There are 2 protein chains.
Amino acid sequence: MKVLITGGAGFLGNKLAIALSEKGSCADASGRQAAIDEILLLDHVELRILPAGCRAVVGDVADPAVIERVIDADTAVVFHLAAVVSGEAEENFDLGMRVNLDATRLLLERCRSLGTCPKVLFASSVAAFGPEGGRILSSTPNRPLTSYGTQKAIAELMLNDYARKGFIQGIAFRLPTVVVRPGRPNRAASSFASSILREPLQGQAMVCPVRKDVGVWLTSPRSIVSAFIHGADLDLEKLGTWRTLNLPGLTVALEEMVAALVRKGGDAGLISWELDPAIQKIVDTWPVSIDTPEATALGFVTDSSIDEVIDIFLEEDIERAPA
Amino acid sequence: MKVLITGGAGFLGNKLAIALSEKGSCADASGRQAAIDEILLLDHVELRILPAGCRAVVGDVADPAVIERVIDADTAVVFHLAAVVSGEAEENFDLGMRVNLDATRLLLERCRSLGTCPKVLFASSVAAFGPEGGRILSSTPNRPLTSYGTQKAIAELMLNDYARKGFIQGIAFRLPTVVVRPGRPNRAASSFASSILREPLQGQAMVCPVRKDVGVWLTSPRSIVSAFIHGADLDLEKLGTWRTLNLPGLTVALEEMVAALVRKGGDAGLISWELDPAIQKIVDTWPVSIDTPEATALGFVTDSSIDEVIDIFLEEDIERAPA
């Protein structure tokens, strides 16, 4: 079987590719593990290092010709991670609609046209909720107040209907904020949630644009990768009629993250607090805590603590200054 | 100012055109009543009788050239009623996506491109809810189990985001089932809810495909037309950040409708009950009762009873056999 990862050059796509390549198999239509022959990593940017067993395709995820090339009758599983992040989707409305909405529909249509009913696992976001405040239940409605959240909520609805119609086997995960994201700060409004740990742990300064008491609903990259692999192996019939799952996470206030940073030897003095009202406003529309009984019952898990989240970063991703 | 009604040849569009034409004005950007210069009625079918002050345009609501022609800088209000109904959207997935989703986006994009921030009033549906069972609250999430409901829920999300971004002034109404719909049975799964009154009142037989104890969340065409006119005059800022309103309605079981029919002189013997499991299955996913505190607070109303609903039909729409 073939596997496609869109956004395959991103840190999550890359980690997922490595984990899939190591596992070497995925559940087929009958639920039995079948060998993965090829993992395609689609992205609009070049990959720096190609994981074993993977093939990179550089192209636009919203281009029908590209999607035709990367999904064919042998494609059994699609991990759809490509996205324009929240801050950028808010600034560039058309780009967000194109990548977060049009590309998702294009991909679903391509899968439908093949008649092979592939699995599509979609990275949605808790940004699909609106400012319901505090604790989110499984039954909380989507009233997003960002274009990113709107586009993710729409994509979820499409995926659910394509799955209900039997065009695909689908599952959408609402990802918590992924912490610690390796690399550089990006244009996601949530970029600070990783920077506040990553930069000090790497000996660099960072400016935090939101208040210290902001609670972040987070999970580690390792938990997310495990969730996608677990999801691909799951009997999706068990999901019932609604194929959107809130993934488990931890609620950690920024001041608690700083305390954990200090426990792990980081220098909290590298953090300066300069409120950016535009970012604070977006973050205020995000949930702080989510009840996830459905995902938990299906065996999805998160990390034990913010300390473990930091340990995962120190093991997997920290960029140490050259000796 | 110019006003556009999509689906203008439908019974609701037609009634709305007549009512707007009689009123002769609509609130402008400043909230003052301004004279309506022209009411455009866009539909893919010809109008039989054109209401006074109206101009008919025959065209495809999903065709960009058509939408460019019917919406220009003078268009102050768009009533977007054009839709592929539930039964047909379920049978013909592509047609539903094209009309219920693509045309809505096209229309929103056209309004955005003009930079004039017109009002867009959108006819959504309680089908946007899923099988939450029984009573629906303002906070009930959208988990539709029909393509029609999915497309309406997506269109609502788009309209809300376009309004939030300031591209349009937007309001989406989730319409109860409109009873009594004049004319012939159509391909809406809810067609029976009007037929069960309309056909016997017109001396004709009808076959009811669902159970007698099915509760229908309904309102009259007159209430819907009033809601759209009230909505166009409303200061949309009062809606807050979420521009989707559940309109008030009545919950009436089919057996209660039959009792009212008899009170109004109809012959219940013209109704035969033949369960169609496919239709019963769709209807089972619809809400039976909805809490509508937001709409009620904003002055939206429904009919007093099923008897009044029948009276409105007898006054406005009954087709009497030639003498």
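The values are calculated or read from the model by the stated rules, or taken from the named source; none is laboratory data. What you see is a predicted model, and the numbers here were worked out from it, not measured in a lab. Methodologically, a virtual Cβ is constructed for each residue, glycine included, from the backbone with ideal geometry; neighbour enumeration extends over all protein chains shown.
The table below gives the values:
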| read-out | value |
| --- | --- |
| Some residue of the range B:243-254 being over 24 Å from B:S86 (Cβ atoms), in contact with a helix residue (DSSP H, G or I) (Cβ under 6 Å, 6 or more places away or on another chain) and surrounded by 14 or more Cβ atoms within 10 Å (Cβ to Cβ) | no |
| The range A:215-243: number of residues that are part of a helix (DSSP H, G or I) and within 24 Å of A:A253 (Cα to Cα) | 6 |
| Where B:S139 falls short, out of the listed (1) out of contact with any helix residue (DSSP H, G or I) (no Cβ under 7 Å at 6 or more places or on another chain); (2) among the hydroxyl-bearing types (S, T, Y); (3) in a helix (DSSP H, G or I); (4) facing chain A (nearest Cβ under 10 Å) | (3) |
| Residues of the range B:101-136 satisfying the condition of being within 11 Å of chain A (Cβ to nearest Cβ), hydrophobic (A, V, I, L, M, F, W, C) and closer than 25 Å to A:A172 by Cα | B:L101, B:A128, B:F129, B:I136 |
| Unique match (being buried (at least 16 other Cβ atoms within 10 Å of the Cβ) and in contact with a Gly (Cβ under 9 Å, 6 or more places away or on another chain)) among A:L50, A:L20 | A:L20 |
| Residues of the range A:81-139 satisfying the condition of being modelled with pLDDT of 95 or more and among the acidic types (D, E) | A:D94, A:D102, A:E109 |
| Residue selected from the range A:166-184 under the condition in contact (Cβ under 8 Å) with a residue 12 or more places away in the chain and over 14 Å from the mean Cα position of the chain (by Cα), by the criterion farthest from B:M158 (Cα to Cα) | A:G183 |
| Residue within the range B:177-184 that is in a helix (DSSP H, G or I) and either within 14 Å of another protein chain (Cβ to nearest Cβ) or among the basic types (K, R) (or both) present | no |
| Residue in the range B:244-264 that is more than 23 Å from the chain's Cα centre (by Cα), outside any helix (DSSP H, G or I) and modelled with pLDDT of 95 or more present | yes |
| Some residue of the range B:273-284 being buried (at least 20 other Cβ atoms within 10 Å of the Cβ), within 14 Å of another protein chain (Cβ to nearest Cβ) and among the β-branched types (V, I, T) | yes |
| Of the criteria (1) touching a residue at least 40 places away in the same chain (Cβ under 8 Å); (2) at the interface with another protein chain (Cβ under 10 Å from one of its Cβ atoms); (3) within 20 Å of B:E88 (Cα to Cα), which one B:N160 fails | (3) |
| Some residue of the range B:21-39 being in contact with a strand residue (DSSP E or B) (Cβ under 7 Å, 6 or more places away or on another chain) and of a type in the set (K, R) | no |
| Selected residue (only one of A:V258, A:V301 is in contact with a helix residue (DSSP H, G or I) (Cβ under 8 Å, 6 or more places away or on another chain) and either of a type in the set (G, A, S) or more than 27 Å from A:I171 (Cα to Cα) (or both)) | A:V258 |
| 3 or more residues not polar (S, T, N, Q): qualifying strands (runs of 3 or more DSSP E) within the range B:29-110 | B:38-43, B:54-58, B:75-80 |
| Selected residue [over 21 Å from A:N100 (Cα atoms), crowded, with 24+ Cβ neighbours inside 10 Å and within 13 Å of chain A (Cβ to nearest Cβ)] from B:T150, B:T146 | B:T146 |
